[in-house]
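Take a look at the structure below.
The values are calculated or read from the model by the stated rules, or taken from the named source; none is laboratory data. In this text the structure is predicted, and so the values were computed from the model without any measurement. Methodologically, a virtual Cβ is constructed for each residue, glycine included, from the backbone with ideal geometry; neighbour enumeration extends over all protein chains shown.
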Amino acid sequence: MSEVVTKPGGRGTYGRVPGRIGSAWHAFRHFYRIRPIPGVDVDSGPDAISFNDLFREFVADWRVLLTGVIVGLLGATLIIITAAQTYEATLTVAAAESSMSDSGGTSMSGSAGIGSAGASVLSIFSKGPGQYDDYAQFLDMTHSVRLANSLNAKYGLMKKVFPFDKKTGAFIPSSDIVPRLVRALRWMLGLQPWAPPNLVSLADFLKGTVQITNKADGTAILTHYGRTPTAASSFLMSVYNETDELMREEQLVSHRKRLEYLGQRLADTSSLEQRNFLIGLWGREQSQMLTLTAGDPVGARMTDDIHVPNLPQNGAALTLAMGLLFGFLVGLFVVIGRSAYRRA
């Protein structure tokens, strides 16, 4: 082993460094066990380090790990304090009774003798057991471009969601740090950094801001976070009402077309059995239109009022856990780096 000559590390041996700075540096080195790096290896053995040696390094440098954890917790606390408060609004919905009635309106057992023409009409007006139902359509429509268009036309949602310059009357890029980094990365990759938002962008916003959690009992929970309890509750109610209204209008148009089709078939047929069968279908369509115009929920019904806790939901527990993990990992890498540097 080669002899290593080092400069004395006592106080007052730092040349032009002022005494207070030198004392602080000495205390820092003493607390974190920073030793002078020798010019040659202190160990004449192989460069490989065993797990036991690495574990001893962690134990010896526990101060570094502790500092990393403390810094991580302080950073997480700062994020929690400076972050905007949000309130969680939840709405539980279930399949509406009216959405189940369209699948079994006319029984096939009472359609004997109607002929192939009547059977084809019945197949048009009946839903199969695996067909897309109103409840599933309601959940999907909460993230649709059609709903985004309706909310934007009625409430001007796009100007409230995306940065908008009132002076120029145009949308502008976001000034937040993450969107800036994304635009810079796209520019470096030769892609278009930014484009003004459109209805597809607004639909993507709805998908991110209205979360859907399906329950085992068939219900679903719609969740939205807002700056105030009123804003969170109002936005979620607007999404529910507009989705229900869109489905109502769509089904009313569909039933009107069916009534028009049935009227043409009644005028063309002379068979008494087929006329009675078509009249039965006509009555069913009329009753369903009355249900729709009465204001009953179409695809999903609310099982309870919108629930908003009186305390904000800032994700403090998750943020603290992430800060703790991040600080510990940083300290871990520092210890490993110091160990490798000492053995270099």
Q. Can you pull out the residues in the stretch 193-213 that are outside any helix (DSSP H, G or I), out of contact with any His (no Cβ under 7 Å at 6 or more places or on another chain) and in contact (Cβ under 8 Å) with a residue 24 or more places away in the chain?
A. 196, 197, 212
Q.
Please pick out the residue among 252, 236 that is in a helix (DSSP H, G or I), within 25 Å of residue 294 (Cα to Cα), in contact (Cβ under 8 Å) with a residue 12 or more places away in the chain and more than 20 Å from the chain's Cα centre (by Cα).
A. 252
(Q) If I filter the stretch 79-89 down to residues being touching a Pro at 6+ places or on another chain (Cβ under 9 Å) and surrounded by 15 or more Cβ atoms within 10 Å (Cβ to Cβ), which single residue comes out as farthest from residue 216 (Cα to Cα)? (A) 86
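Residue-by-condition table, conditions (1) closer than 28 Å to residue 298 by Cα; (2) under 20 Å from the mean Cα position of the chain (by Cα); (3) loosely packed, with under 15 Cβ neighbours inside 10 Å; (4) not assigned by TED's automatic domain parsing to the domain that holds residue 292:
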{"position": "142", "(1), (2), (3), (4)": "yes, yes, no, no"}
{"position": "153", "(1), (2), (3), (4)": "yes, no, yes, no"}
{"position": "168", "(1), (2), (3), (4)": "no, no, yes, yes"}
{"position": "178", "(1), (2), (3), (4)": "no, yes, yes, yes"}
{"position": "184", "(1), (2), (3), (4)": "no, no, yes, yes"}
{"position": "187", "(1), (2), (3), (4)": "no, no, yes, yes"}
{"position": "190", "(1), (2), (3), (4)": "no, no, yes, yes"}
Q: Could you list, in sequence order, all residues of the stretch 264-281 that are of a type in the set (Val, Ile, Thr) and in a helix (DSSP H, G or I)?
A: 279
Q. Given 220, 216, 203, 232, which one is closer than 22 Å to residue 90 by Cβ, in contact with a Phe, Trp or Tyr (Cβ under 7 Å, 6 or more places away or on another chain) and small (Gly, Ala, Ser)?
A. 232
